[in-house]
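Nothing in this text is a laboratory measurement; each read-out follows from the coordinates by a stated rule. Computed from a predicted model, the values in this text were never measured in an experiment. A quick note on method: Cβ atoms are made from the backbone with ideal geometry, for glycine too, and the neighbour counts reach across all protein chains shown.
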Amino acid sequence: MSFRTRIVINISILLFIFMMGLAFILVHLRAKEIRASNEKNALIVSTLTAGILVEAYENYYESGYYKFRQRILSLLNLDRELIRVVIYTVEGEKVFDSDEFKGKGTEKLHDKEEKALDKRIKQISPSFGTVDDKKHYDIVFPYLEPWGWHRYSVRYFFSTAYLEKQLFTLRVVIFSVTLVSVMLASIFANFQARAVIRPLEQLTQSAKQMEHWHFDTHLAVQRKDEIGILAEALNEMVNRIKQDMDLLESQKKTLSETNKELKKLNDLKSQFLANVSHELMTPLTSLKGYIEYMYQEKMGRLTEKQKRGLEVAKKNLSRLNKQILNLIDFSSFEAGTFELSLTPFHIQSVIRESVANLDMKLSEKEINFDEQLPAHLPPVIADRERIIQVLENLITNAIKFTAPGGKISVHAYRSNGKGGKIEVCVRDTGTGISKSLKKKIFEKFFQIDRKGKHKGLGLGLSIVKSILDAHNEKITVESKKGEGSCFCFTLSVYGGGKG
């Protein structure tokens, strides 16, 4: 159902309800007026004929019945609604009923009705009433003789048929006029709705074209009302969108070219890092060999001071070697040439080997180390050397940010007690990581302490994340500033968990 149809139907329904309500009120008021007019006429007829009827009864009812009958019939013909006349004495005795002329018997009244009628007969003022059949109404009119003696009351019966006919005609006329008015109003509302909705349909069509990125449309709505203002605003909006789209298209081309340049530069950077790293490894290996040769006093005896100097050189060479290896790994990750060599092994042995490699660093800072490695853990399937690299990077990081005398612990356990995953956690009592930095620590070249004493390349955790991603495993971190950190990663159990 269209919007215009709904508007016309709703307006027609509202008009119909309003007009019908108004029609009911008019019918009610007019019916009240007609009833009042009829009662007034009945009172006039009663006033004019009551004395004549009583006098005719007294003079002719017994002595000249035929003449009395003619007199009564002529009076009944005075009003088309008057159908019956009854004369009562003040004591309530019925002395005459015009139904005698029609051969009808006298009906009996109920006790309640008889009492009410007796009361009305004795009144010296006219009173109206309704007959039980609802087809008639009556008026009891007292006849007072010239000297004020009340001996008789006349009861007039009037038919409501003419009244009902008048009311029926009135209802037909009013309701017919109402229906015609509603129909004319609906036709008018249809034309008005069409005049209003036509520009709205144009606006809808334009909006649909814009939905498909067609911004060349223009609304030609020549109106000065709110719809015209809306059309003008929409045209202005379309023009602005078109201008913005042209600008965005231009910026898109510029951004695309810039991205190509950045990708090219990134490829050159990765290639440069890989070449430099490999070029540095050859002299570094030679340098490490000569220093180790000298440290073993194969080129002559050394003093204690010379030995301490060579130890410092060895330590720095080892640190430099690790950073170069990190750069080589980073380059392989960037180039997509990183490969895994999956083998089954027990995680306990790998953890202990990693800790043994870093034992000297733990001793230098007097850090307490604790491990919880259940003996019944099943073997895992992964690249053993790369997992050692993950553990060494995590433990090295923990050593770096843990104060002397602190504590580092490594736990390994089966996830949820069952299933095909082993979870390994490295926990420390170090400086911790703020909530705002937790999402950034695995980014490339990100460093928590850029200006402090804990400097580096910012690749350690990035490489950890890349190695575990290559294994399709997850790593999580829990940390609070000043309360230490806990890094946990998972590994798949070999053979579904069978040891």
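For the stretch 155-172, just list the computed ³J(HN,Hα) in residue order, Karplus coefficients 6.51, -1.76 and 1.60, θ = phi - 60°, integers in Hz, with x standing in for Gly and Pro.
Once rounded to whole Hz, the list reads 9, 9, 10, 10, 7, 8, 4, 5, 4, 5, 5, 4, 5, 4, 4, 4, 4, 4.
Rank by packing, highest mean first: peptides 373-381, 242-250, with packing defined as the count of other Cβ atoms within 10 Å averaged across residues. Numbers along the way, then the final one.
Working: 373-381: 14.9, 242-250: 11.2.
In decreasing order of mean packing, 373-381, 242-250 become 373-381, 242-250.
Taking amide H positions as placed in the peptide plane 1.01 Å from N, state which residues far from Thr343 in sequence (5 or more) or on other chains have amide H under 5 Å from it.
Placed amide hydrogens put Ala382, Asp383, Arg384 under 5 Å from Thr343.
Applying a 10 Å radius around every beta-carbon, put 135-146, 27-38 in order of their mean neighbour count, most first.
135-146, 27-38
At 7 Å along the Cα-to-beta-carbon direction for both Leu22 and Lys315, put a label point, then send me their distance in nm to one decimal.
About 10.4 nm separates the two model spin labels.
Give a residue-ordered list of calculated ³J(HN,Hα) values for the stretch 77-82 (Karplus: 6.51 cos²θ - 1.76 cosθ + 1.60, θ = phi - 60°; whole Hz; x for Gly, Pro).
Each residue of the stretch 77-82 in turn: 7, 5, 10, 5, 8, 7 Hz.
Give me D for the stretch 14-89 in µm² s⁻¹, whole number, from Stokes-Einstein with Rh from the Kirkwood sum over alpha-carbon pairs, 20 °C and 1.002 mPa s.
It diffuses with D of about 140 µm²/s by this estimate.
Compute the distance in nm between two label points, each set 7 Å from the Cα along the Cα-to-Cβ direction, one at Lys298 and one at Thr130.
A separation of 13.4 nm, rounded to one decimal place.
Taking N as the number of residues in the stretch 129-204, what is its Cα Rg relative to 2.2 N^0.38 Å?
2.48
Taking 8 Å as the Cα distance limit and 6 or more residues as the minimum spacing, I'd like the relative contact order of the stretch 16-118 as a percentage.
13 percent
Given N residues in the stretch 351-492, what is its alpha carbon radius of gyration divided by 2.2 N^0.38 Å?
Output field value: 1.02.
For Lys421, which sequence-distant residues (separation of 5 or more, or a different chain) have an amide H within less than 5 Å of its own amide H, given hydrogens modelled in the peptide plane?
Residues meeting the amide H criterion: Ser415, Val493.
Using 7 Å Cα-to-Cβ label points, what is the Asn239/Val90 separation (nm, one decimal)?
10.1 nm
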